[in-house]
Amino acid sequence: MGKKYIVKLDRESCIGAAACVAVQPDQWQIVDDGKVDFLNSKTDEKSKGWFVKEIDESELLKFKESAEVCPVNVIHIFEKDTGKKVV
Ligand code: SF4
């Protein structure tokens, strides 16, 4: 079994540049308020308004690309086990 990662979106700070959508149209979608929705993610008290999703190692490269093209760096990735920041 591969490693698990946690992807987090600080949606408040998204400026709707849609660079992430170009990389992963199946994960990000620009909606009416001009910001991006992180599809199939969750948010709760603990996430402080950030949207969170657990992903498999097989998805890591694509998400890394999304995080790296975001001009305001509001997509973050962490190792699930250690909490270590990947991007
Ligand atoms: S690339 Fe960044 S700023 Fe642009 S829509 Fe995606 S998350 Fe928002």
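The values are calculated or read from the model by the stated rules, or taken from the named source; none is laboratory data. Quantities reported herein were computed from a predicted structural model and do not represent experimental measurements. No Cβ is skipped: glycine too gets one built from the backbone with ideal geometry, and neighbour counts run over all protein chains shown. The area values use the complete protein model at the heavy-atom level, side chains included, leaving out ligands, DNA and RNA. Shrake-Rupley method; radii C 1.70, N 1.55, O 1.52, S 1.80 Å.
Compare the Cα positions of 78, 66, 13 along the charge dipole of the chain (+1 at Cβ of Lys, Arg; -1 at Cβ of Asp, Glu; about the Cα centre) and return the one farthest towards the positive end. The residue sitting most towards the positive pole is 78. What you get for the chain, charging only the Cβ of Lys and Arg (+1) and of Asp and Glu (-1), is a dipole of about 300 debye around the Cα centre. Taking segment 4-79 as the region of interest, the number of lysine pairs whose Cα atoms are within less than 21 Å, with members eight or more places apart or on different chains, is 21.
Take the chain with all the other protein chains still there, run a 1.4 Å probe, and you get 62 Å² of accessible area per residue.
Residue separation of residue 29 and residue 15 scaled by 0.36 nm, minus their Cα-Cα distance, works out to 3.8 nm of gained length.
Here is the tail figure for the chain: Cα pairs spaced more than 22 Å apart come to 18 percent of all pairs.
Within the chain, DSSP assigns beta bridges of which about 100% are antiparallel (rounded to the nearest 5). In order along segment 69-86, phi translates into HN-Hα couplings of 7, 5, x, 10, 6, 9, 9, 10, 10, 10, 5, 5, 5, 9, x, 5, 7, 9 Hz, rounded to whole numbers, per the Karplus curve 6.51 cos²θ - 1.76 cosθ + 1.60 with θ = phi - 60° and x for Gly and Pro. Given a 1.4 angstrom probe, I'd like the percentage of the accessible area of the chain that is carbon and sulfur, rounded to a whole number. Roughly 50 percent of what the probe reaches on the chain is carbon or sulfur.
Note: relative contact order over the chain, using C-alpha pairs below 8 Å and six or more positions apart, is 41 percent. Amide H contacts of residue 16 (H built 1.01 Å from N, in plane; Pro and chain starts excluded): 36 sit under 5 Å, all sequence-distant by 5 or more or on other chains.
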